[in-house]
Amino acid sequence: MIAQQREIVILGGGPSGAAVALGLQKLGYQQVTVVAEARPFRAMEGISERVVEGLRGAGFDHALRKLPEPSARFVTWNGQSNQANTERLIDRAEFDKALMMDLAIQGIHVIQGRVVDVKSAEFGHEIEVGTAGDPIILQADFIVEARGRAAPSAKLKRLRGAETVSLLQYWQGAELPLSSAVQSFENGWGWFASDGRGRRYLQLTFDVKSSVLPEKSRLVEFCNEKLETLTQAQPFLDQALPTGEIHARTSTPILCEEAIGDNWIRVGDAAMSVDPLSGNGIFQTLSSSLQAPAVINTLLAKPHKARLAQQFHQLRITELFYRFARIGRDFYAMEEQWRDQPFWQVRRQWPDDQPIHLDPDIDQVQVAKRPVIQNGFVDLADVVITPDQLLGIWHLSGLPLAPVVELYKQHFSSGAFLQELAETYPDPRQQQMFINWLKQQKAVL
Ligand SMILES: Cc1cc2nc3c(=O)[nH]c(=O)nc-3n(C[C@H](O)[C@H](O)[C@H](O)COP(=O)(O)OP(=O)(O)OC[C@H]3O[C@@H](n4cnc5c(N)ncnc54)[C@H](O)[C@@H]3O)c2cc1C
C-alpha cells in the first residue's frame, strides 16, 4: 500500500535529495519532483568505500561509474606523519551532476532551478522556483528538505557545536596526481587536494570565536601565509599559483532537533551536519536518506503510525549525529601539541565525555519494542537493546535476534540454552552466529 497520488517535491539535488528520490521511486511513488540548483562553488571532497557501498545500495549506477580510483591520503597529526589511508576524491560539481543524471536515467522529474520561496500549510505546500525562464509554482502534498547547509533554519530547534569556518582556496598549475593531505596546526587544521588536472584545493579550518580573521580583501594573503608554514601543503603549492578566489564554508556541526513534521522531513545536512574532519559527511547523509523513503511512506499511507515514524527518524538522526560528533572529538583529542589552545580545547571535549562504544554487558541486554523499517514502512518490532546499541538490533544476518535473547534469558540458568537453541535453529552455522554474538556481549557459554 502506498499513497500513489501524492505530489512529493524534494528541495535540493545533492546526495541526500537524490537518494530519497530513488528510494521513493523504488517504493512505487511516481509523482516525485526534485528541484536542484547547482552548487555555487567548486569543491573536492573525499569519500570512503562505505560511501561507495551506500551509493550502490541506493542505485546510483551512473555516478558509480564516474568515481575515480582511491588515491593516497597523507596525514600529519600530533606531529606524526603517515600515509596509511586512501580515499576517493570527487569533484562535487561533477559528482552532483552524475547524481542528477542517475535520476534522469531512472525517469525522475528534475527541475533545474532555485527554490525561492516555500509556503507551507497543514494541507500542503506551494513552492516558487526561479528558473532560467519564468518562475514556476509547484504544489506539493509533502516536501523533503534536502538543501544541505543552505536549508533555511525555519526557526526549528537546533544544537550547534563550536562555530567553525573552512576557507577554501584554489590554486592552478602543473598537473599533479590525484591525492590529498591533512595537517593540524596551532589554531586549526588544513585539508589539501589535487584533482589530477592541475587544480589544487587548499582548505583551512578555523574556530570562529577565537580566531582573528582579517577582512575579506586580505583573506587570500592570510591563508597563503599559513599555507607556507605547513609541510603537507607544499606539494600542492609547488608549480602552481593562487587563482585569487576564496570561498568560506560553514563547517559547524549542527543537529536539527525537529527534523520531521506531518508533511515534511529534513534529510542529509539539512537534518544534521557533521564536522568535516570526520570525512563522513556524505556517508551520514546517505544513511539518513536511505531510511527516509520508508518514513515518508508511513506518514503518507499510514498516518495512524505517524508518531512512530517521526520518532524513528528523529532518534536515528540524533544517534548518528552524536556518534560522529564523538568520533570527531576523539580525533581532535589525539592532537596534543596545542591541547590548551581554544580551537583544540573546545573540540576535544564536545559533545560530551561518553565513549564512542560502551562496554558490552550481558546483564544489560534486553528485548524491547522499537520502530524498525519493515516492508517499506516504519513499524514496531521486538529488538535487542545493548549498552552500545540503544536503538536496538532487529536482525543478525537476516534472522531476528530478539527470540534468541529471550531463549537465552529463559534457559541460561538451567543450562538448557544450547540445546534449546539447537532445536530452534538446527543449522550449526546459525547456532554459531548467535553464540558468537552472545559471547561478544560477555555471555559465558
Ligand atoms: C568544508 C567542508 C568539507 C567537507 N568535506 C567532506 C569530505 O571530504 N567528505 C565528505 O564525505 N563530506 C564532506 N563534507 C560534507 C558534505 O559536503 C555534506 O555532508 C554532503 O554534501 C551533504 O549532502 P546533502 O545532499 O545533504 O547536501 P548538499 O550536498 O549540500 O546538497 C544540497 C543541494 O541543494 C542545492 N540547493 C541549495 N539551496 C538551494 C535552493 N534554494 N534551491 C535549489 N537547490 C538548492 C545545492 O546547490 C546542492 O546541490 C564537507 C563539508 C564541508 C562544509
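Taking every alpha-carbon pair under 8 Å whose residues sit at least 6 apart, the chain reaches a relative contact order of 15 percent.
For the range 59-138 and the range 250-320, write down the distance between their C-alpha centroids in whole Å. A separation of 17 Å, based on Cα centres. Taking a point 7 Å out from the Cα of Glu126 in the direction of its Cβ, the residues of the range 81-118 whose backbone N falls within less than 19 Å of it are 114-118.
Run the paramagnetic zone check for Leu396: 7 angstrom along Cα to Cβ, then residues of the range 349-363 with backbone nitrogen under 15 Å. Backbone N within reach: 360-363. Around the Cα centre of the chain, unit charges on the Cβ atoms of Lys, Arg, Asp and Glu (plus for the first two, minus for the last two) sum to a dipole of about 300 debye. Neighbour counting of Cβ atoms within 10 Å sorts the residues His62, His109, fewest neighbours leading, into His109, His62. Treating r as the C-beta distance of Ser413 and Ala72 and R0 as 56 Å, the FRET efficiency rounds to 0.55. Candidates Leu178, Ser166, Gln232 compared by Cα position along the dipole of the range 164-250: farthest toward the positive end lies Ser166, with charges placed on Cβ. When the Cα positions of Gln106, Phe123, Ile90 are compared along the charge dipole of the range 77-140, Ile90 comes out farthest toward the positive end, with charges on each C-beta of Lys, Arg, Asp and Glu. Ranked by the mean number of other Cβ atoms within 10 Å of their residues, highest first, the peptides 159-166, 125-132, 95-102 come out as 95-102, 159-166, 125-132.
Counting only alpha carbon atoms, the long axis of helix 428-440 and the longest principal axis of the chain meet at about 60°. With a simple spin-label model that places each label point 7 Å from the Cα along the Cα-to-Cβ direction, the separation between Gln366 and Arg160 comes to 3.8 nm. Where is the GNM fluctuation largest for the chain (alpha-carbon springs, 10 angstrom cutoff): Leu380, Leu421, Leu103? The residue with the greatest mean-square fluctuation here is Leu421. I need to check one value: relative contact order of the range 164-250, counting alpha carbon pairs closer than 8 Å and at least 6 residues apart, in percent. Relative contact order comes out at 42 percent. Taking label positions 7 Å along the Cα-Cβ direction at both Asp117 and Arg39, the computed distance is 3.0 nm, reported to one decimal.
Here's the picture: a label point sits 7 Å out from the Cα of Glu7 along the beta-carbon direction, and within the range 117-143 the residues with their amide nitrogen under 18 Å of it are 117-131, 134-143. Within the shell defined by Cβ-Cβ distances under 9 Å, the residues around Val165 carry a net charge of -1, with Lys and Arg each +1 and Asp and Glu each -1.
Residues whose amide H comes within less than 5 Å of that of Thr243, counting only those at least five positions distant or on another chain, are Tyr170, Trp171, Gln172 (H built at 1.01 Å from N in the peptide plane). Normalised by the number of residues in the range 362-440, the average gap of Cα pairs under 8 Å and 6 or more apart makes the relative contact order 19 percent.
By the count of other C-beta atoms within 10 Å, a proxy for reagent exposure, Phe377, Phe312 are ordered fewest to most as Phe377, Phe312. The GNM of the chain, with springs linking C-alpha atoms under 10 angstrom apart, assigns the highest mean-square fluctuation among Gly261, Gly12, Gly148 to Gly261.
Ordered by the number of other Cβ atoms lying within 10 Å of each residue's own Cβ, fewest first, Arg6, Arg266 fall into the sequence Arg6, Arg266. Compute the distribution of all C-alpha to C-alpha distances in the range 164-250, in bins of 5 Å from 0, and list the percent of pairs in each, rounded to whole numbers. Taking every Cα pair in the range 164-250, the percentages come to 3, 15, 28, 27, 17, 7, 3, 0.
Stretched out straight at 0.36 nm per residue, the stretch from Leu219 to Gln374 would grow longer than its current Cα-Cα span by 50.6 nm. Put simply, the amide H of Glu7, placed in the peptide plane, has neighbours under 5 Å in Asp141, Phe142, leaving out anything fewer than 5 places away on its chain.
Of the residues Leu138, Val365, Leu407, the one whose Cα sits farthest towards the positive end of the charge dipole of the chain is Leu138 (charges of +1 on Lys and Arg Cβ, -1 on Asp and Glu Cβ, taken about the Cα centre).
Computed from the coordinates by the stated procedures, all read-outs in this text should not be read as laboratory data. None of the values given here were measured: they were computed from a predicted structure. A quick note on method: Cβ atoms are made from the backbone with ideal geometry, for glycine too, and the neighbour counts reach across all protein chains shown.
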